[in-house]
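Right, one structure below, let's go through it.
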Amino acid sequence: MLAITGLLTILIIMFLIMTKKCSTMVALIAVPMAACLLVGQGANMGKYISSGISSVAATGVMFIFAVAFFGVMGDVGAFEIIVNRILKIIGKDPVKVCIGTLAIAILTHLDGSGATTFLITVPALLPIYDKLKMDRRVLATIVALGAGTMNIVPWGGPTVRAATALELSLAELYNPMVIPQLCGLAVCAVFAVMFGMKERKRLAGSLDGIVIEPPKFEDLTAEEQSKRRPRLVAVNMALIVLTIVALVTELLPPAGCFMAALAIALLINYRDLKEQGKRMDEHAQAAMMMASTLFGAGCFTGILGGCGMLAAMAEGLCSLLPVSLMGHIALLVAVFSMPLSLMFDPDSFYYAVLPVLAVAAEAAGVPALAVGRGAICGQITVGFPISPLTPSTFLLTGLSGVDLGDHQKHSFIWLWIVSLVIVAVAVLMGVIPV
């Protein structure tokens, strides 16, 4: 009963989000609450919701202050120097823009943090996409491809979880996956070129009329001029760099980094109290919308985890597999690992589902190591940037201004293809047994 209810809850939420029958926030809150009542655990609903919200509270605070900070940096013109430098390199060719997007996403995900990748990449590139009138969904998809494929790195969350759950060393789990991962990145590059060519064709007529020279200060509207701080560009750029350094080096918690950065940014650029209020008011809607969706996701995961639906789904998944398929369990896990990102959060899958699958596989003569390698081919690696169960997904969609349902529909097939390429190469190398 719990497993069926959990599966139906996830499917209904995905349907509502992707068909835009209601907002993402409403779907993530209303459907799990109804499911909780249906399984007779309404008395504990408050406890489950509180637990789920607590798990995402720090990320939610970071989202609010990060959006406000980058919004203020955009107001003062701090990103213009970055955008103009990039434009000088890539010009107005959508193919070069898409390749550059993938390269930046890959480089910024070397630390294994999706939040850091999205916070660095999207604000820097979004003005370029808007200037060239490129599809924002392309930006979100390419960033997802780069970050998702890079998330297989051994210091990334999924690989660490897999090694821990199966009591394996990171080296024996990850090292044979290097070549499959590189092949996955090569396919990402092919897709980036493909998206670029598609956008070049779509924008063929309009690109000629686009001027990539930066506008002069005097050409801006009076309102825009009042926001700009051209004399403080170097200071604001330094503040952005210091904030990112503090974030990557964990000098402060992510929320603390952006709280401090926003306070400094307002004090430096807008001394007047009313002007500070105006800047906050202007960015409050975007910040709160993103945060409310995230807290909705906390409600969703809290209820599904607290009610035992996730655990029941894990047990049900294992019990449904026929004995005849157990010898191919590593391959099956690998092939469906990316779509499973939409059903299981990383902890539930790697600490609840994977160990059970590994024990069953070993009974059939398949080493647990192979099952672990199959899992990291897609489960919250390639699949994490579209999963509603990972907070950073909402950061990607929020910063890029793309609806979650639109992002999933636009990105799903390309992410799964990359995951399947990684699986195919791993199989050919003998890393994952057939």
- [ ] Write out, first by first residue and then by second, each pair whose Cβ atoms fall under 7 Å of each other, whose residues are 6+ apart or on separate chains, and whose first residue, in region 79-96, is closer than 20 Å to Val122 by Cβ while the second is at pLDDT 75 or above and outside any helix (DSSP H, G or I).
- [x] Pro94/Met134; Pro94/Leu203
Task: When residues of region 244-271 are limited to those that are β-branched (Val, Ile, Thr) and either touching a Phe, Trp or Tyr at 6+ places or on another chain (Cβ under 7 Å) or exposed (fewer than 15 other Cβ atoms within 10 Å of the Cβ) (or both), the one farthest from Ser113 (Cα to Cα) - done: Val245
TODO: Only residues in region 287-313 that are at positive phi and without any contact (Cβ under 8 Å) to a residue 12 or more places away in the chain count as the first member; pair them with residues that are among the small types (Gly, Ala, Ser) and surrounded by 23 or more Cβ atoms within 10 Å (Cβ to Cβ), Cβ under 7 angstrom, at least 6 apart or cross-chain, and list the lot.
DONE: none
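From Ile179, Ile152, Ile128, grab the single residue that is more than 16 Å from Phe191 (Cβ to Cβ) and not in a helix (DSSP H, G or I).
Working: Ile179 fails: not in a helix (DSSP H, G or I); Ile128 fails: not in a helix (DSSP H, G or I).
When all the criteria are applied, what remains is Ile152.
Go through the residues of region 136-146 one by one and say whether even a single one is among the small types (Gly, Ala, Ser), surrounded by fewer than 23 Cβ atoms within 10 Å (Cβ to Cβ) and part of a helix (DSSP H, G or I).
Narrowing region 136-146 to residues among the small types (Gly, Ala, Ser): 140, 144, 146.
If we keep only those that are surrounded by fewer than 23 Cβ atoms within 10 Å (Cβ to Cβ) too, we end up with none.
Within region 136-146, none of the residues are among the small types (Gly, Ala, Ser), surrounded by fewer than 23 Cβ atoms within 10 Å (Cβ to Cβ) and part of a helix (DSSP H, G or I).
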- [ ] Would you point out the residue of region 91-108, among those that are in contact with a helix residue (DSSP H, G or I) (Cβ under 7 Å, 6 or more places away or on another chain) and modelled with pLDDT under 85, that is farthest from Val187 (Cα to Cα)?
- [x] Lys92
Open item on the list: Tell me yes or no: at least one residue of region 99-121 is farther than 29 Å from Leu239 by Cα and of a type outside the set (Phe, Trp, Tyr).
Closed with: no
Task: Candidate set: region 301-342, residues that are out of contact with any Phe, Trp or Tyr (no Cβ under 7 Å at 6 or more places or on another chain) and hydroxyl-bearing (Ser, Thr, Tyr); chosen: the one nearest to Ala27 (Cα to Cα) - done: Thr301
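Can you tell me which residue among Val97, Val160, Val122 is surrounded by 20 or more Cβ atoms within 10 Å (Cβ to Cβ), among the β-branched types (Val, Ile, Thr) and within 22 Å of Ser387 (Cβ to Cβ)?
Within the list Val97, Val160, Val122, the selection yields Val122.
Counting just the residues of region 1-17 that are crowded, with 17+ Cβ neighbours inside 10 Å, within 27 Å of the chain's Cα centre (by Cα) and in contact (Cβ under 8 Å) with a residue 24 or more places away in the chain, which one comes out farthest from Gly316 (Cα to Cα)? Break it down into steps so the answer makes sense when it comes.
Step one: list which residues in region 1-17 are crowded, with 17+ Cβ neighbours inside 10 Å, which gives 2-3, 5-6, 9-10, 12-14, 16-17.
If we keep only those that are within 27 Å of the chain's Cα centre (by Cα) too, we end up with 3, 5-6, 9-10, 12-14, 16-17.
Checking which are in contact (Cβ under 8 Å) with a residue 24 or more places away in the chain leaves us with 3, 5-6, 9-10, 13-14, 17.
Working: Ala3: 7, Thr5: 12, Gly6: 11, Thr9: 15, Ile10: 15, Ile13: 20, Met14: 20, Ile17: 25 Å.
Filtering first and then ranking leaves Ile17.
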- [ ] Scan region 18-55 residue by residue and report those that are part of a helix (DSSP H, G or I) and under 19 Å from Ala284 (Cα atoms).
- [x] Thr24, Met25
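Among the residues of region 272-286 satisfying the criterion of being without any contact (Cβ under 8 Å) to a residue 40 or more places away in the chain and more than 13 Å from Asp75 (Cβ to Cβ), which is surrounded by the most Cβ atoms within 10 Å (Cβ to Cβ)?
Taking region 272-286 first, the residues without any contact (Cβ under 8 Å) to a residue 40 or more places away in the chain are 272-278, 281, 285.
Of the ones still in play, those that are also more than 13 Å from Asp75 (Cβ to Cβ) are 272-274, 277, 285.
Details: Asp272: 8, Leu273: 9, Lys274: 7, Gly277: 12, Gln285: 10.
In this case the residue turns out to be Gly277.
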- [ ] Working carefully through the options Ala330, Ala360, Ala364, find the one that is among the aliphatic types (A, V, I, L, M) and crowded, with 22+ Cβ neighbours inside 10 Å.
- [x] Ala330
- [ ] Test each condition in (1) surrounded by 20 or more Cβ atoms within 10 Å (Cβ to Cβ); (2) of a type in the set (A, V, I, L, M, F, W, C); (3) outside any helix (DSSP H, G or I) for Met73 and report the one that comes out false.
- [x] (3)
TODO: Among the candidates Ala189, Ala163, single out the residue that is at pLDDT 95 or above and either under 24 Å from Val423 (Cβ atoms) or not in a helix (DSSP H, G or I) (or both).
DONE: Ala189
- [ ] Being closer than 17 Å to Phe63 by Cβ and at pLDDT 85 or above is the filter here, so list the residues in region 254-267 that pass it.
- [x] Gly256, Cys257, Phe258, Met259, Ala260, Ala261, Leu262, Ala263, Ala265
Open item on the list: Tell me yes or no: at least one residue of region 406-417 is within 20 Å of Ile329 (Cα to Cα) and touching a Cys at 6+ places or on another chain (Cβ under 6 Å).
Closed with: no
TODO: Test each condition in (1) touching a helix residue (DSSP H, G or I) at 6+ places or on another chain (Cβ under 6 Å); (2) more than 30 Å from Ser348 (Cβ to Cβ); (3) of a type outside the set (Gly, Ala, Ser); (4) modelled with pLDDT of 85 or more for Leu242 and report the one that comes out false.
DONE: (1)
Open item on the list: Looking at region 369-379, can you tell me whether even one residue there is within 22 Å of Val160 (Cβ to Cβ), at pLDDT 90 or above and touching an Asp or Glu at 6+ places or on another chain (Cβ under 8 Å)?
Closed with: yes
- [ ] Go over the candidates Val39, Val56 one by one and state the one that is within 28 Å of Asp406 (Cα to Cα) and out of contact with any strand residue (DSSP E or B) (no Cβ under 8 Å at 6 or more places or on another chain).
- [x] Val56
Task: Filtered residues of region 104-114 (kept if surrounded by fewer than 20 Cβ atoms within 10 Å (Cβ to Cβ) and in contact (Cβ under 8 Å) with a residue 24 or more places away in the chain) - done: Leu110, Asp111, Gly112
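The values are calculated or read from the model by the stated rules, or taken from the named source; none is laboratory data. Nothing here was measured: the structure is a model prediction, and the numbers come from that model. Note that we place each Cβ from the backbone using ideal geometry, even for glycine, and neighbour counts take in every protein chain shown.
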